[in-house]
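None of the figures in this text is laboratory data; all of them are computed from the coordinates on show. What you see is a predicted model, and the numbers here were worked out from it, not measured in a lab. Ideal geometry is used to build each Cβ from the backbone, glycine not excepted, and the neighbour counts take in all protein chains shown.
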Amino acid sequence: MSFDNIIGQDIAIRSLKNIISQDQIRGSYLFLGPNGVGKRSVSIEFAKAINCELKDKDACDRCSSCKRIDSMNYPDVFELYPEGASRSIKIDRIREVIYQASLKPYEGRKRVLIINNAEMTTEEAQNALLKLLEEPPENHIFILTVSNISGLLETVISRCKILKFYPLSQIRIHEFLQKDRKFDEVEAILFSHMAMGSLGEAINFKKKGMLLQREEALNDFFLRKTAILRENVLSKGVSEDVEDSLYMLLYWYRDLLVAKFTQEQEQFLNIDKFEQILSYSSRFSTEKLQKDLLNIMDTIGYIRGNINPKISLFNLAVSLKNN
Ligand SMILES: [Zn+2]
């Protein structure tokens, strides 16, 4: 898709284009920024631009190299991810990287080795990488993508050139979801707001069936079936779904509060439920809605911190019910 088709990240892309055009490609890069904002996509486009058979400084998307890199079927691009229950990258996987780095490019100009979420690499494995990052073999490029730099050793960080990646604007995510992913308007609005700048998250929301979760959340908490909530929580336990449901509830209450101040439809997130929101909002005081919003946010915090999750949920249901 070439650099031009990546949403946002103009600064990182400009530096990479400069690096390529001035022939100053160095060996070790650290792409730093939140999850789901395009770090891996940019890594892939970088690998394509370097190895493209037709174009000089960008990917053509048509040549054999570009196509095979896109489908990760190219011998000179290698990547790995955290794996296993611990979601980590262990020494044996890094040994594989070290082996890969000992090979000459098969057919490309440069071999690109991408370590995704490199902060999940164990300390032992990071130490094993140091020498390679310090002096990468000729025609080898390392890219570490990282969302939380505190997981990396100082010695690893100092050996890499850091390129920063930033959250995307809600509007750009919205446009992308509608035009490229054909999300409907409700999904595009809700998910682009909820994603907090992460396109990857926004796309995930659809995969996770968040609109259905919204219905469940409204049934459990808003339509006042406290007994059902208790049954659900006790039987299913508290899963990641519960956190998602609470976010849906948060945005619902956010809209109820917004309705206290405006009735312009474009100000609302749950636009498909606009009429209901106006009607429900009039039944509560502004203070009550503000208090409910804070309660939901606190509960999300408790669930995340695993602080008495079942009790927190039940307390939330009760407090939303009380006027
Ligand atoms: Zn190409």
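With only Lys, Arg, Asp and Glu charged, each at its Cβ (+1 for the first two, -1 for the last two), find how big the charge dipole of region 208-321 is about the Cα centre; round to the nearest 20 debye.
Details: 15 positive and 16 negative charges, 92 e Å.
Its charge dipole is roughly 440 debye.
For residue 164, give me every one of the aspartates and glutamates with a C-alpha distance below 13 angstrom, ignoring sequence neighbours fewer than eight places off in its own chain.
Qualifying aspartates and glutamates at Cα under 13 Å: 10.
Out of all DSSP beta bridges in the chain, what portion is antiparallel? Express it as a percent rounded to 5. Could the numbers behind the result be given before it?
Working: 1 of 20 bridges.
Taking every DSSP beta bridge with both residues in the chain, the antiparallel ones total about 5 percent.
Suppose every K and R has +1 on its Cβ and every D and E has -1 on its Cβ; what is the size of the dipole of the chain about the Cα centre, in Debye to the nearest 20? Walk me through the numbers on the way to the answer.
Working: 44 positive and 44 negative charges, 33 e Å.
For this selection, approximately 160 debye.
How about residue 273: which aspartates and glutamates have a C-alpha closer than 12 Å to its C-alpha, ignoring those fewer than 8 places off in the same chain?
215, 255
Which one, 22, 173, 82, is farthest towards the positive end of the dipole of the chain when Lys and Arg carry +1 and Asp and Glu -1 on their Cβ?
Farthest along the dipole direction, towards plus: 82.
A 31 angstrom limit on the alpha carbon distance is what I want to check against. Which of 110/206; 206/321; 48/131; 182/291; 182/321 exceed it? Intermediate results must be reported in sequence, preceding the final value.
Working: 110/206 37 Å; 206/321 29 Å; 48/131 26 Å; 182/291 36 Å; 182/321 37 Å.
The answer is 110/206; 182/291; 182/321.
Based on the Cβ-Cβ distance from residue 35 to residue 124, what FRET efficiency comes out when R0 is 30 Å, to the nearest 0.05? Provide the component values of the computation, followed by the final result.
Values: r = 24 Å, r/R0 = 0.81.
It comes out at approximately 0.75.
Hey, with R₀ at 56 Å, roughly what FRET efficiency would residue 308 and residue 103 work out to, going by the Cβ-Cβ distance, to 0.05? Walk me through the intermediate numbers first.
On the way: r = 53 Å, r/R0 = 0.95.
It comes out at approximately 0.60.
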